[in-house]
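**Student:** This is the structure I have questions about; it appears just below.
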Amino acid sequence: MSDPTPVFDDLREESRELDLLVAELTDTEWARATPAPRWSIAHQIAHLHWTDRAALLAMSDQAAFQKFAEQALTAPDSFVDDGAEDGVRLGRAGLLARWRNGRQELDRALREAAARHTRFSWFGPPMSAAAMATGRLMETWAHGQDVADALGVVRAPTDRLRHVVRIGVRARNFAFAVRGLPAPENEFRVEVQAPSGELWTYGPEDAAQRVTGSAVDLCLLVTQRAHRADLALTAVGPDADRWLDIAQAFAGPPGTGRDPKVADPKEAEPDEATPKEAAPKPAAPEEPAP
């Protein structure tokens, strides 16, 4: 088994960088709207805290987590928003303190769970500690992007994005299935350039269909933080092209995505296979490798 320590360290650093972005915000900035409908910067941090607490519950008391998950499923369209609202009501100082403490607790729990090689229940399939950390990093980066966009900040990308790219690539078939579409029969070749300049590759080198571009753009796509029309990603083959229209790295029903900043001719024709309204869920759809 691969050493999961790097993904734990990367999650901690990704969270630390987001903390630096929000630590000194005024109350007015804290309440600033983000690209997510009805969510302020406070809602973004509250959601990350809520999901960290859910992960801790899953690792510490699976019976209690099962009850929590069952309650969540009774309100699938609102439980994510309700959890964020609960956090917002704590106020800026209270929420920041709880988020920071929760991150430290989660970091310890993840490392302890990895040492025991245990798996635990989640909203989707059972997860290992490495898989949970990968999902938490993906979500931290994605919601951090919402915060950065709200503040007009351009974040310097890092090679921590390799975790987001990998989970997005592995979730390819899920993106098709959640829309009721058959998965492509063969793997794609995916080649993206990392922030460091390294080339990250996935799939057979001789695959007939492929996707190329930058790792940052692929991460923005699979977390649905940018529209395909605004990204420099190239697809060869009809299935690869379709995937770039529907890719998502998060579990649950299809997300709404973002509107294009530039005109996209594909938007002129509605696509019944891609619903326009759905709430994202806080987990990766399948087990990623550490």
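**Student:** Binned at 5 Å from 0, what are the whole-percent values of the Cα-Cα distance distribution for segment 1-127, short to long?
**Tutor:** Histogram of Cα-Cα distances, whole percents per bin: 2, 10, 18, 21, 19, 15, 10, 4, 1, 0.
**Student:** Per residue, what volume in Å³ does the convex hull of the Cα atoms of the chain enclose?
**Tutor:** So the per-residue hull volume is 133 Å³.
**Student:** If I compute solvent accessible area with a 1.4 Å probe over the protein chains, what percent of it on the chain is carbon and sulfur?
**Tutor:** Details: 6980 of 13700 Å².
Roughly 51 percent of what the probe reaches on the chain is carbon or sulfur.
**Student:** Give the accessible surface of the chain per residue, rounded to a whole number of Å², with probe radius 1.4 Å and ligands, DNA and RNA excluded. Could you put the intermediate results ahead of the total?
**Tutor:** On the way: 13700 Å² over 290 residues.
The answer is 47 Å² per residue.
**Student:** Still on this structure, I have one more. Whole-Hz ³J(HN,Hα) for each residue in segment 236-253, computed from phi via Karplus 6.51 cos²θ - 1.76 cosθ + 1.60 with θ = phi - 60°, x for glycine and proline: what do you get?
**Tutor:** Values per residue, Gly and Pro as x: 10, x, x, 5, 5, 5, 5, 4, 5, 7, 10, 4, 8, 9, 10, 7, x, x Hz.
**Student:** OK, next. Which is farthest toward the positive dipole end of segment 1-96 among 48, 11, 80, measuring Cα position about the Cα centre, with Cβ charges +1 (Lys, Arg) and -1 (Asp, Glu)?
**Tutor:** 80
**Student:** Dipole magnitude of segment 101-161 about its Cα centre, charges +1 at Lys/Arg Cβ and -1 at Asp/Glu Cβ only, in debye to the nearest 20?
**Tutor:** Details: 8 positive and 7 negative charges, 55 e Å.
I would put it at about 260 debye.
**Student:** Please give the charge dipole size of segment 1-133, origin at the Cα centre, charges +1 on K and R Cβ atoms and -1 on D and E Cβ atoms. Round to the nearest 20 debye. Could you put the intermediate results ahead of the total?
**Tutor:** Values: 15 positive and 21 negative charges, 57 e Å.
Dipole size: approximately 280 debye.
**Student:** Calculated from DSSP H runs of 4 or more alone, at -39500 (n - 2.57) each and per residue, what is the 222 nm mean residue ellipticity of the chain, nearest 500?
**Tutor:** On the way: 11 runs with 145 residues, N = 290.
For the chain, the value works out to -16000 deg cm²/dmol.
**Student:** For a label point 7 Å from the Cα of residue 86 along Cα→C-beta, name the residues of segment 44-60 whose backbone N is under 14 Å from it.
**Tutor:** Answer for this model: 46-58.
**Student:** How high is the relative contact order of the chain, given as a whole-number percent (alpha carbon pairs under 8 Å, six or more residues apart)?
**Tutor:** Working: 458 pairs, mean separation 57.2, N = 290.
Across the chain, relative contact order equals 20 percent.
**Student:** Now for a separate question. Please list 102-114, 187-199, 137-149, 23-35 highest first by mean number of surrounding beta-carbon atoms within 10 Å per residue.
**Tutor:** On the way: 102-114: 18.1, 187-199: 16.3, 137-149: 23.0, 23-35: 13.1.
Sorting 102-114, 187-199, 137-149, 23-35 by mean packing, highest first, produces 137-149, 102-114, 187-199, 23-35.
**Student:** If I stretch the segment between residue 177 and residue 61 completely, what's the gain in nm (0.36 nm per residue apart, minus their alpha carbon distance), one decimal? Can you show the working numbers first?
**Tutor:** Values: separation 116, 0.36 × 116 = 41.76 nm, distance 3.10 nm.
Gain on extension, residue 177 to residue 61, equals 38.7 nm.
**Student:** How much length is gained if the chain between residue 2 and residue 121 is pulled fully straight, taking 0.36 nm per residue apart and subtracting their Cα-Cα distance, in nm to one decimal? Working shown, then result.
**Tutor:** On the way: separation 119, 0.36 × 119 = 42.84 nm, distance 2.13 nm.
Here the answer is 40.7 nm.
The values are calculated or read from the model by the stated rules, or taken from the named source; none is laboratory data. Since we're looking at a predicted model, the values are computed, not measured. All Cβ positions, glycine included, derive from the backbone under ideal geometry; neighbour counts span all protein chains shown. We work out accessible area using only protein heavy atoms, side chains counted, and drop any ligands, DNA or RNA first. Shrake-Rupley method; radii C 1.70, N 1.55, O 1.52, S 1.80 Å.
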